[in-house]
Amino acid sequence: METHFSLDLGDLVLEGRIDQINPFGGENAVELLDYKTGRPRSQKEADSSLQLSVYALAARDGMKMKPVRLAFYNLGDNEPVYTARTPRDLAKAVEEIREVAEQIRQMIFHPTPGFVCKWCDYQPVCPAHEEVL
Ligand code: SF4
């Protein structure tokens, strides 16, 4: 439960927490669960989630496990949405992470406004809200 990870990708390190890791068969095979409150996540969201890909990378490369199944566990309807990642999917996820890291290094931050803005501490300096004002 609540396992911290530190994923070293050479020139960058990702830190995070996986809600739950369950044994899933033998030879270090595991299932990774991320609990979701609020709106239930869809199959499409689980299949395309970079968050779940990062968890799979952390389990595979950081913890030497085999992440054979990933899931968003929707607490609202008590239903898991299962997905998986191939080695190719994870290689693509690393590319995406590196692209985002490069943008951050270049101070390129594209705001993506949404319902979370009302709780965001950066709203006073966020370009998305400057335009509205
Ligand atoms: S206020 Fe700006 S930075 Fe904050 S969540 Fe909204 S779009 Fe993102």
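The values are calculated or read from the model by the stated rules, or taken from the named source; none is laboratory data. The structure presented is a predicted model; accordingly, all values stated were derived computationally and were not measured. Cβ coordinates were reconstructed from backbone atoms using ideal geometry, including for glycine residues, and neighbour counts include every protein chain displayed.
So GLU31 passes all but one of these: (1) out of contact with any Phe, Trp or Tyr (no Cβ under 6 Å at 6 or more places or on another chain); (2) closer than 16 Å to ARG69 by Cβ; (3) in contact (Cβ under 8 Å) with a residue 24 or more places away in the chain. Which condition number does it fail?
So the condition that GLU31 fails would be (1).
Do any residues in the range 99-114 that are farther than 10 Å from ALA128 by Cα and at pLDDT 90 or above have Cβ atoms under 9 Å from those of residues that are loosely packed, with under 11 Cβ neighbours inside 10 Å and not small (Gly, Ala, Ser), where the two are at least six apart or on different chains, and which pairs are they?
ALA101/ASP11; GLU102/ILE108; GLN103/HIS110
If you take the residues in the range 79-105 that are within 17 Å of SER48 (Cβ to Cβ) and aliphatic (A, V, I, L, M), which one is farthest from the ligand (Cβ to nearest atom)?
ALA84
Listed here are the residues, each with its yes/no results for (1) more than 16 Å from the ligand (Cβ to nearest atom); (2) under 27 Å from ASP11 (Cβ atoms); (3) part of a helix (DSSP H, G or I).
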{"site": "ALA56", "(1), (2), (3)": "yes, yes, yes"}
{"site": "PRO67", "(1), (2), (3)": "yes, yes, no"}
{"site": "LYS118", "(1), (2), (3)": "no, no, yes"}
{"site": "HIS129", "(1), (2), (3)": "no, no, yes"}
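Answer yes or no as to whether SER49 is within 30 Å of HIS129 (Cα to Cα) and modelled with pLDDT of 95 or more.
So SER49 fits the description; yes.
Has the range 106-113 got any residue that is within 16 Å of the ligand (Cβ to nearest atom) and part of a helix (DSSP H, G or I)?
no
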